[in-house]
Amino acid sequence: QVQLVESGGALVQPGGSLRLSCAASGDIFSPYVMGWYRQAPGKQRELVATITSGSSTDYADSVKGRFTISRDNAKKAVYLQMNSLESEDTAVYYCNVYAWGSRYWGQGTQVTVSS
């Protein structure tokens, strides 16, 4: 049983920064991809960023240059550093792991960007 627990969501002003964390527990066998997705009210869930076991990264165009994804393989953790936040970044952010044909999701953490 794989479980993902996110933390770090908060209310932040435009231009501010936040760091999201996600810790995985259970049996996850390398290689696996970790990532972040988000879902804004009334919109579909969308990819934010992914990182492979070898630390190759991919970003949505809307967050390139502002967000940075990283991971700690020993801790089975993934992080998302978010800078220069905009109101359009407001969403529930979900941690995701894809391993050997199975996909796992966290419960989500709310990020609200507002003055």
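When the residues of the range 54-76 are narrowed to those that are of a type in the set (A, V, I, L, M) and open to solvent by less than 40 Å² (accessible area, probe 1.4 Å), which ends up farthest from SER7 (Cα to Cα)? Spell out the reasoning first.
Taking the range 54-76 first, the residues of a type in the set (A, V, I, L, M) are 60, 63, 69, 74.
Filter once more, so that each one left must be open to solvent by less than 40 Å² (accessible area, probe 1.4 Å): 60, 63, 69.
Values: ALA60: 21, VAL63: 20, ILE69: 15 Å.
Checked the range 54-76; the qualifying residue farthest from SER7 (Cα to Cα) is ALA60.
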Can you tell me which residue in the range 89-115 is least open to solvent (accessible area, probe 1.4 Å), limited to those that are hydroxyl-bearing (Ser, Thr, Tyr) and part of a strand (DSSP E or B)? TYR93
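Condition check ((1) open to solvent by less than 30 Å² (accessible area, probe 1.4 Å); (2) in contact (Cβ under 8 Å) with a residue 12 or more places away in the chain) across all residues:
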| site | (1), (2) |
| --- | --- |
| GLN13 | no, yes |
| GLY16 | yes, yes |
| TYR32 | yes, yes |
| GLN44 | no, no |
| THR52 | no, yes |
Can you find a residue in the range 12-23 that is under 21 Å from THR112 (Cα atoms), in contact with a helix residue (DSSP H, G or I) (Cβ under 9 Å, 6 or more places away or on another chain) and assigned to a loop (DSSP other than H, G, I, E, B)? yes
Determine whether PHE67 is in contact with a Leu (Cβ under 8 Å, 6 or more places away or on another chain) and among the hydrophobic types (A, V, I, L, M, F, W, C). yes
Subset of the range 18-30, residues open to solvent by 20 Å² or more (accessible area, probe 1.4 Å), touching a residue at least 60 places away in the same chain (Cβ under 8 Å) and within 19 Å of THR109 (Cβ to Cβ), comes to LEU18, ARG19
Tell me which residues, restricted to the range 65-102, are over 14 Å from the mean Cα position of the chain (by Cα) and either modelled with pLDDT under 95 or not hydrophobic (A, V, I, L, M, F, W, C) (or both). GLY65, ASN73, ALA74, LYS75, SER84, GLU86, SER87, GLU88, ALA99, TRP100, GLY101, SER102
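The values are calculated or read from the model by the stated rules, or taken from the named source; none is laboratory data. A quick note: this is a predicted structure, and the numbers were derived from the prediction, not measured. All Cβ positions, even for glycine, are placed from backbone atoms using ideal geometry, and neighbour counts span all protein chains on display. Ligands, DNA and RNA are excluded from the accessible area calculation, which covers all protein heavy atoms including side chains. Shrake-Rupley method; radii C 1.70, N 1.55, O 1.52, S 1.80 Å.
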